[in-house]
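In what follows, a structure is listed as structure tokens, so that the remarks can point back to it.
Bear in mind these aren't lab numbers, they're just calculated from the coordinates by the rules spelled out. Since this is a predicted model, take the numbers as computed values, not measurements. Because the Cβ atoms are built from the backbone with ideal geometry, glycine has one as well, and the counts that use them run over all protein chains shown.
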């Protein structure tokens, strides 16, 4: 992976906006350095207002950075040849709602200068890929939010891009919609595409991404493989659910646990680390209680995320 | 790039056709043109002039209203609705988008003007008013004026809000028709005011140049060289405005 080509790179990217009547300066992005390699799924994470969309807008040539540089396919942003190799889905996209699914995709195909037969073939393939073949002749204003998101992804893929950039592709979707988008991203990865997406839904990112970066208040606070980042952040604990432990048994195991939650006949024991697991199991057996489940709790991306966000906010 | 400009134009044209405002204005224009029949009944003397006067003035006024009120939304609506995000990220230069939107409205105006002219022709035919070549020259120049006004509206909409664009464009339309009077006025003022008014006179479009109503009504000839000069002036002016709009549009951020 380390030797593969870097197709998206930013260096000390900075963006300030002027807000209000007096033009007060607000920094949206503070010296961002990013590298996305060919063939990976890269998650660009951060809470709302962290500067994710600002970064994507700079990369897409919608806004200009105040300072710093960025490259797509080794060329400075704005280069038309590199834009031709790119697909982009904006956040909660609004489209020309009087067009039908097929007309909509044809319009974007025309913007890439694709020939008629190629566009027609792509429209068929893409509607099939995103599961929208039924909406070919339906006007976009009749689409549900999930359908819009899917036709939006189809739009981003009309030119068969090497790099697909998605801004919050899962936001506002129901669990089924999110799963469909996740499957679609994985299918694109299998087809050899590079996917760069922003999200604040960590669960999805954890399942999908080869690497992630976490942006808080315009600054990069973490970047790396998901497993490495989680490993560094993991706070292992084990949850043990038992039935019929009784008050004596409870008194026996309590000193070994971090927390005990009793619900009726059942008790949920939270153990810190794995050291005391055997000892606790032994005491449960002695008390002749029934073991229902034993679940190791690994650190998640969310733990890392929350810790980084809290640290950053605490600094100020 | 021409093909891509055309795609944006046709998409914009399709979008314009969905504007209810467009149809309201068109209906009003046709009513105005039609009402000249009634007015001619209560006119003593030459009613030909009246019908031509009202008809041409209606086509001009309603064309301008469409140009302004659709024109100011061309770019700002795309930004507000964020549809521009998917366009600017495609491999097309920003000026192509702008030109595409411009020609989309020009096509819309062409269709509207055609309907209004058709309405006027029916009235002229029914009322037995002779239709001259000069009449079509006059229509041609009205359309050229609409192209200039559209460019003005587009220029404003690249950097300011819809409301301000409408006010500015309307202002330029009014002043543009009075710039001759302004120059006359300047002669009676002190030097500084004269200099200021002269600058305004040369910078703003002289829209009276596109007005052949007097010629049509009084049957005065408008020669080929005058026509060529006026057409060149219109295209040059609209071209300059589009260039300026492209430069501003190229630099702006889409928030």
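Here are the numbers for this structure:
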| quantity | calculated |
| --- | --- |
| Spin-label pair residue B:233/residue A:120, simplified geometry with 7 Å Cα→Cβ offset, distance in nm | 5.0 nm |
| Projected area, mean over directions - the range A:202-316, Cα convex hull, nm² | 9.1 nm² |
| Global size of the range A:1-133 as Cα Rg and Dmax, reported in angstrom | 17.8, 54 |
| For B:249, B:159, B:168, order by how many other beta-carbon atoms lie within 10 Å, fewest first | B:159, B:168, B:249 |
| Protection proxy ranking, peptides A:97-106, A:132-141, B:172-181, average beta carbon neighbours within 10 Å, highest first | A:97-106, B:172-181, A:132-141 |
| Among beta bridges that DSSP assigns inside the protein assembly as shown, antiparallel share in %, nearest 5 | 70 percent |
| Segment residue A:48-residue A:186, extension gain: residue separation times 0.36 nm, minus the distance between their alpha carbons | 47.2 nm |
| Residue with peak Gaussian network fluctuation, chain B [Cα springs, cutoff 10 Å], from B:188, B:20, B:213 | B:188 |
| Column: log10 I(q)/I(0), Debye, Cα scatterers of the range B:1-117, q = 0.11, 0.14, 0.17 Å⁻¹ | -0.46, -0.64, -0.81 |
| Separation of the residue B:115 and residue B:35 label points, Cα + 7 Å toward Cβ, nm | 1.9 nm |
| Expected-Rg normalisation [2.2 N^0.38 Å, Cα atoms] applied to the range B:88-148 | 1.60 |
| Sorted peptide list for A:185-192, B:204-211, criterion being average Cβ within 10 angstrom, highest first | B:204-211, A:185-192 |
| Rg followed by Dmax, in Å, when the range A:235-297 is reduced to its Cα trace | 10.3, 30 |
| Inverse mean reciprocal Cα-Cα distance (Kirkwood Rh) of the range A:157-212, Å | 11.6 Å |
| Square roots of five times the Cα gyration tensor eigenvalues for the range B:2-249, Å | 32, 25, 16 |
| Peptide-level mean, for A:103-113, of C-beta atoms on other protein chains within 10 Å | 5 |
| Fraction of beta bridges assigned by DSSP in the range A:6-232 that are antiparallel (%, nearest 5) | 55 percent |
| Shielding score for B:246-254, defined as the mean number of other chain Cβ atoms within 10 Å | 2 |
| Share of alpha-carbon pairs per 10 Å distance bin for chain A, given as whole % | 6, 22, 25, 20, 13, 9, 5, 1 |
| Alpha carbon centroid spacing (whole Å) that separates the range B:89-165 from the range B:180-218 | 23 Å |
| Ranked B:59, A:284, criterion: other C-beta atoms within 10 Å, fewest first | A:284, B:59 |
| The range A:111-186-the range A:49-88 distance, computed between alpha-carbon centres (Å) | 22 Å |
| Spatial separation of Cα centroids for the range B:1-76 and the range A:210-272, in angstrom | 71 Å |
| D_trans [Stokes-Einstein, Kirkwood Rh over alpha-carbon pairs] for the range B:30-70, 20 °C, 1.002 mPa s, µm² s⁻¹ | 199 µm²/s |
| Viscosity 0.692 mPa s, temperature 37 °C, Stokes-Einstein D of the protein assembly as shown from Kirkwood C-alpha radius, µm²/s | 115 µm²/s |
| Relative contact order of chain B, pairs being alpha-carbon contacts under 8 Å that are 6 or more residues apart, as % | 27 percent |
| The range B:205-255 - convex hull of the alpha-carbon atoms, volume per residue in Å³ | 81 Å³ |
| Tilt relative to chain A, helix A:101-111 - C-alpha long axis, 0 to 90 degrees, to 10 | 60 degrees |
| Peptide A:92-100, shielding by other chains (average Cβ, 10 Å cutoff) | 4 |
| Contour minus Cα-Cα distance for residue A:92 and residue A:137 (0.36 nm per residue) | 14.0 nm |
| Most mobile listed residue (A:249, A:87, A:74) in chain A, GNM with C-alpha springs under 10 Å | A:249 |
| Cα convex hull of the range A:21-77 - mean projected area over all directions, nm² | 5.0 nm² |
| Estimated translational D of the range B:99-233 in µm²/s (Stokes, Kirkwood radius over Cα pairs; 37 °C; 0.692 mPa s) | 194 µm²/s |
